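K.L.:
First, the structure itself, so that you have it in front of you.
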Amino acid sequence: MSMKSGSLGRYIAMRVALAIPMIFVLLTLVFVMLRVAPGDPISASSGGAKMSQEKIDELRAAAGYDRPLIVQYGDYLADVVRFDFGTSVSTNQQVSDVILEKGGATVTLATGGLVFALLLGIPVGLLAGRFRDSAFDVFARLFGIITYAAPVFVVGLLAQQLFATKLGWFPLEGETDPLIANDIPATTHILILDAIWVNDWEVVWNVLWHLILPAATLGLLIVGVFIRMVRVNLIQTLRGDYVEAARARGIRERDVVVKHGFRNALVPVITVIGLQVALLLGGSVLTEKTFNWPGLGKQLIEFLNSRDYVAVQGLVTFIALVVVVISMLIDIINALIDPRVRY
Amino acid sequence: MANLPTELVAPTGPAGTAAPKRAGRGRLRRTFAPILEAHGLARFMLWTGIAITGFFVVIAVFAPWIAPYGYDAYESGGERFPKQESPGGDHLFGTTVQNFDVLSRVVWGARTALEVMVLAVVFSLFIGVLLGLLSGYFGGWLDRILVLVMDTLFAFPYLLLAIVAAFMFSDVPGGGIVTAALAITVVYIPQYFRVVRASTLSAREATYVEAARAMGAKPRTIIGRYVFSNVIQSVPVITTLNAADAIATLAGLGFLGFGIQPTEAAEWGYDLQRAIPDLGADMWWTATFPGVAIVLAILGFTLVGEGLNDVLNPSMRKRRIRTVVIPPIAKPRQVVTVAAMPAAVPAQGEAPAVEQTEDPATPGASETGDAPASATGEPQEEGK
């Protein structure tokens with residue numbers, strides 16, 4: 001107990017050390033799945049067009065596919081360490097450039113979805129937990145189940161039909177109106193931040209306006225998890241000895257619930273955010289496809305459709321790294337906030 | 001290990017050989033008892049879920065008799081179907097841009113979804129449970145490697161994993177259905193593995209397993225006879241929830257264009273994707289029917305899973321005993337204030353903390369009717 005700061009440092013070091021074998025296994029899995037898989041990347045990427053054997057061999061040699069697998073594997077690991085994710089066969093772009101170009105839109109969408117889920121999930125979960133077994137609790141529970149059960153693209157299409165086509169409140173698809181954002185210089189590659197950077201508020205509002213439907217669609221996918229988590233936490237917290245003690249001291253019920261209950265019930269939400277990152281990224285592929293949102297997911301689908309194995313491998317590797325790093329960061333943040341985690 | 005399942009079918013109880021028929025019926029009753037005894041929201045979810053799921057299964061099994069046309073039929077008796085016709089007449093749900101009959105596609109789609117789901121669940125159940133048992137029981141380096149691989153797979157965005165796996169298995173014999181099922185299998189193996197491994201770890205240390213080991217039972221016997229039957233109890237909830245997820249993943253793959261081809265079988269996700277342009281032209285039927293089918297099928301399994309979870313999960317079951325009938329006059333603060341507590345404690349001698357955690361604003365709780373008698377009497381005095 002006396003070496004509190006030491007134990008935090010040790011925890012962080014341990015968590016980082018744990019991430020390294022995980023990244024290694026992840027990279028190996030991605031390599032095995034995409035490279036050892038049947039099908040030749042080069043002839044596949046030609047889209048069925050007949051190529052002469054010499055041409056295929058030439059392309060294979062250029063991409064390094066003619067070497068033994070183990071050498072390719074070593075090269076792949078070495079490239080990833082240098083943040084080199086390869087060069088697309090179909091568009092000839094560096095995959096890292098593609099990530100830079102399209103990643104911003106995905107970050108915007110995922111953040112929007114997360115914010116929506118938190119804004120809706122936390123109050124609903126708290127109320128459901130506070131008024132347990134009430135009609136509201138039942139409603140909240142069923143709401144969480146139904147939103148989780150309805151696939152992203154069904155909800156998205158429904159939202160498009162209702163709010164874009166019928167009511168015309170929101171735009172149907174895309175990140176901005178056409179051409180409006182062409183003059184914004186790419187500083188951070190996140191359009192909304194770039195627009196704020198150059199004080200172009202028209203573009204900022206335009207992006208936000210376009211963001212609402214996709215973000216709500218993506219947020220609904222994970223809101224049920226937050227509702228359930230917050231509800232159960234609050235119920236357990238309110239059973240705690242210190243809550244009983246607070247009541248025994250005659251503190252008003254409202255203060256007991258808000259100050260002693262809510263605050264402690266919300267700590268694990270951070271962990272849940274970490275667990276939802278993978279779900280958010282997976283869901284964003286579907287959301288981007290539904291709303292024609294120009295992010296990494298849409299790009300990945302395009303690469304998959306053109307059978308561009310190299311680019312697919314690069315993008316999947318990058319997304320896998322992001323998931324591992326974010327879950328590591330969340331764990332560390334958690335340890336900073338809640339000392340119990342460290343032990 | 002190949003004959004593991006057959007060994008498990010054999011009754012594990014001591015009376016198993018003496019009266020197998022009665023033991024079997026007793027076990028059946030014991031298995032279904034929680035479902036029949038379910039109450040409140042759990043009961044509602046279970047039975048709604050079972051009804052929806054039953055409807056889905058019936059449609060899927062009898063698809064050839066229910067569907068008016070084949071899944072890839074674009075003509076009947078030499079007469080080509082109209083293109084994008086609105087619902088009514090010969091085509092109850094209308095027709096698509098590819099001249100398909102929407103009703104037939106939806107009905108056949110149920111069969112595809114069921115086939116993929118069953119295959120995926122069976123594959124992942126078999127592999128996941130087997131690996132989990134081995135890993136948990138034997139431990140060592142095998143365990144460490146498997147845990148690392150499974151944790152990694154688990155952390156990966158599931159849809160991406162399914163897409164990559166669908167790519168990987170695209171040449172598997174058996175066509176699109178097997179490919180899709182394998183892709184989904186990869187996603188769900190880690191879940192079974194984790195749960196089964198965790199309960200194997202605790203079952204391994206149990207006294208009866210130790211006793212069996214001391215008597216010289218082989219690992220195969222111990223795992224099959226003693227560990228498995230204890231571990232498998234945690235599986236039904238995951239299985240139903242995974243079944244729901246499998247349908248969602250299949251539809252997601254189809255929606256993205258990496259699922260089953262339309263000439264192979266009818267698939268809701270694919271149909272929905274093809275229907276997107278129709279929506280802009282106010283042709284609602286091509287998207288609505290497959291969309292509703294997807295949501296209903298997933299919802300059915302999810303409700304069964306959630307209901308089962310409520311019923312089988314001991315921490316949830318405790319709620320019934322805690323249920324206390326509060327007279328309608330009592331306001332929240334009256335029950336929990338300090339003033340009310342001294343009255344309650346000497347009167348009944350029961351832990352007042354139990355009531356405090358209960359939300360008093362639940363007159364509906366009395367419907368369950370299984371609150372202990374001592375608890376029902378108590379608050380009535382208190383209300384005065």
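K.L.:
For region A:269-343, with only Lys/Arg (+1) and Asp/Glu (-1) charged at the beta-carbon, what is the dipole magnitude about the Cα centre, in debye rounded to 20?
P.N.:
80
K.L.:
Compare the peptides B:207-220, A:162-175, A:269-282 by average per-residue count of other Cβ atoms within 10 angstrom and give them in order, highest first.
P.N.:
Descending mean neighbour count gives A:269-282, A:162-175, B:207-220.
K.L.:
While we're looking at this one, here's another question. Where the only charges are on Cβ atoms (+1 Lys, Arg; -1 Asp, Glu), what is the dipole of region B:162-313 about its Cα centre, to the nearest 20 debye?
P.N.:
With Lys and Arg at +1 and Asp and Glu at -1, about 980 debye.
K.L.:
Using the charge dipole of region A:103-303 (Lys, Arg: +1 at Cβ; Asp, Glu: -1 at Cβ; taken about the Cα centre), state which of A:233, A:163, A:245 has its Cα farthest towards the positive end.
P.N.:
A:245
K.L.:
Something else now. So how exposed is residue A:25, as accessible area in Å² (1.4 Å probe, rounded to 10)?
P.N.:
20
K.L.:
Could you tell me the convex hull volume per residue, in Å³, taken over the Cα atoms of region B:140-258?
P.N.:
So the per-residue Cα hull volume is 124 Å³.
K.L.:
Along the positive direction of the dipole of region A:57-140 (beta-carbon charges: Lys, Arg +1; Asp, Glu -1; about the Cα centre), which of A:61, A:83, A:119 reaches farthest?
P.N.:
A:119
K.L.:
Considering the dipole of region A:187-294 built from charges on the beta carbon (Lys and Arg +1, Asp and Glu -1) around the Cα centre, which of A:281, A:258, A:219 is farthest to its positive end?
P.N.:
In region A:187-294, that residue is A:258.
K.L.:
In whole percent, and with a 1.4 Å probe on the protein chains, what portion of the accessible area of region A:103-303 is carbon and sulfur?
P.N.:
The computed percentage sits at 67.
K.L.:
How would A:210, A:260 rank on accessible area, largest to smallest, probe 1.4 Å?
P.N.:
The ranking, largest first, comes out as A:260, A:210.
K.L.:
In vacuum, with every alpha carbon of region B:136-192 counted as one equal point scatterer, what does the Debye formula give for log10 I(q)/I(0) at q = 0.14, 0.15 Å⁻¹? Two decimals, please.
P.N.:
Results for region B:136-192 at q = 0.14, 0.15 Å⁻¹ read -0.44, -0.50.
K.L.:
Separate question: Over the Cα atoms of region B:214-304, Rg to Rh with Kirkwood Rh, two decimal places? Could you put the intermediate results ahead of the total?
P.N.:
On the way: Rg = 20.7 Å, Rh = 15.9 Å.
Taking Rh as the inverse mean 1/r over Cα pairs, Rg/Rh reads 1.30.
K.L.:
Any idea what the alpha-carbon Rg over 2.2 N^0.38 Å comes to for region A:76-212? Please report the intermediate quantities before stating the final value.
P.N.:
Numbers: Rg = 19.9 Å, N = 137, 2.2 N^0.38 = 14.3 Å.
Taking the Cα Rg and dividing by 2.2 N^0.38 Å, one obtains 1.40.
K.L.:
For the interface of A with B, what's the total buried accessible surface in square angstrom, probe 1.4 angstrom, rounded to the nearest hundred?
P.N.:
5100
K.L.:
Accessible area per residue of chain A at 1.4 Å probe, in Å²? Show your work: numbers first, answer last.
P.N.:
Numbers: 16250 Å² over 343 residues.
Per-residue value: 47 Å².
K.L.:
List the trypsin sites (Lys or Arg not before Pro) within region A:64-148 that DSSP assigns to loop and that have no more than 15 neighbouring Cβ atoms inside 10 Å.
P.N.:
Answer in residue order: A:82.
K.L.:
Accessible area drop of at least 30 Å² (1.4 Å probe, protein heavy atoms): which residues of region B:240-257 qualify, relative to the chain alone?
P.N.:
B:245, B:255, B:256
K.L.:
First measure r as the distance between the Cβ atoms of residue A:14 and residue A:139, then evaluate 1/(1 + (r/R0)^6) with R0 = 41 Å and state the FRET efficiency to the nearest 0.05.
P.N.:
Details: r = 43 Å, r/R0 = 1.04.
Plugging the Cβ-Cβ distance into 1/(1 + (r/R0)^6) gives 0.45.
K.L.:
Taking Rh as the Kirkwood radius, which is the inverse of the mean 1/r over Cα pairs, what is the Rg/Rh value for chain A?
P.N.:
1.04
K.L.:
Any chance you could look up the accessible area of residue B:170 with a 1.4 Å probe, heavy atoms only, rounded to 10 Å²?
P.N.:
Roughly 50 Å² of residue B:170 is accessible to a 1.4 Å probe.
K.L.:
So for B:240, A:87, what's the accessible-area order with a 1.4 Å probe, most first?
P.N.:
Most to least solvent-accessible, the answer reads A:87, B:240.
K.L.:
Return a single number: how many Lys pairs in chain A, at a sequence separation of 8 or more or on separate chains, have alpha-carbon atoms below 30 angstrom apart.
P.N.:
On the way: A:4/A:259; A:50/A:298; A:102/A:289; A:102/A:298; A:166/A:289; A:166/A:298; A:289/A:298.
Eligible lysine pairs with Cα atoms under 30 Å apart amount to 7.
K.L.:
Let me ask you something else. Per-residue mean of other chain beta-carbon atoms within 10 angstrom of the beta-carbon, peptide A:11-18?
P.N.:
On the way: counts 0, 0, 0, 0, 0, 0, 0, 2.
The mean count of partner-chain Cβ atoms within 10 Å per residue comes to 0.
K.L.:
Report the normalised scattering of region A:267-343 as log10 I(q)/I(0) at q = 0.16, 0.19, 0.22 Å⁻¹, calculated by the Debye formula with identical scatterers on the alpha carbons.
P.N.:
Taking Cα atoms of region A:267-343 as identical point scatterers yields -0.67, -0.81, -0.95.
K.L.:
Here's something else I'd like to know. Starting from the Cα of residue A:254, step 7 Å along the direction of its Cβ; do the same at residue A:97; then give the gap between the two resulting points in nm.
P.N.:
6.1
K.L.:
A further question on this structure: Averaged across B:289-301, how many Cβ atoms of other chains sit within 10 Å of each residue's Cβ atom?
P.N.:
Counting other chains' Cβ atoms within 10 Å and averaging over B:289-301 gives 3.
K.L.:
Quick check: with the 1.4 Å probe, what order do A:24, A:153 take by accessible area, largest first?
P.N.:
The most accessible residue leads, giving A:24, A:153.
K.L.:
Oh, and also: Name the trypsin sites (Lys or Arg not before Pro) in region A:205-255 that are in a loop by DSSP and that have at most 12 other C-beta atoms within 10 Å, would you? Could the numbers behind the result be given before it?
P.N.:
Values: sites: A:228, A:231, A:239, A:247, A:249, A:252, A:254; in loops: A:239, A:249, A:252.
Counting only loop positions with at most 12 other Cβ atoms within 10 Å, the trypsin sites (Lys or Arg not before Pro) in region A:205-255 are A:249.
K.L.:
Using the Cα centre of region A:103-303 as the reference point, and only Cβ charges (+1 on K/R, -1 on D/E), how large is the resulting charge dipole? Debye, rounded to the nearest 20.
P.N.:
Dipole of region A:103-303, to the nearest 20 debye: 1220 debye.
K.L.:
Moving on to the next point. Cα convex hull of region A:103-303: mean projected area in nm², to one decimal?
P.N.:
That works out to 13.5 nm².
The values are calculated or read from the model by the stated rules, or taken from the named source; none is laboratory data. Every value quoted in this text rests on a predicted model; they were computed, and no experiment measured them. Here the Cβ is made from the backbone with ideal geometry for all residues, glycine too, and neighbour counts use every protein chain on show. The accessibility values were calculated without ligands, DNA or RNA, using every heavy atom of the protein model including side chains. Shrake-Rupley method; radii C 1.70, N 1.55, O 1.52, S 1.80 Å.
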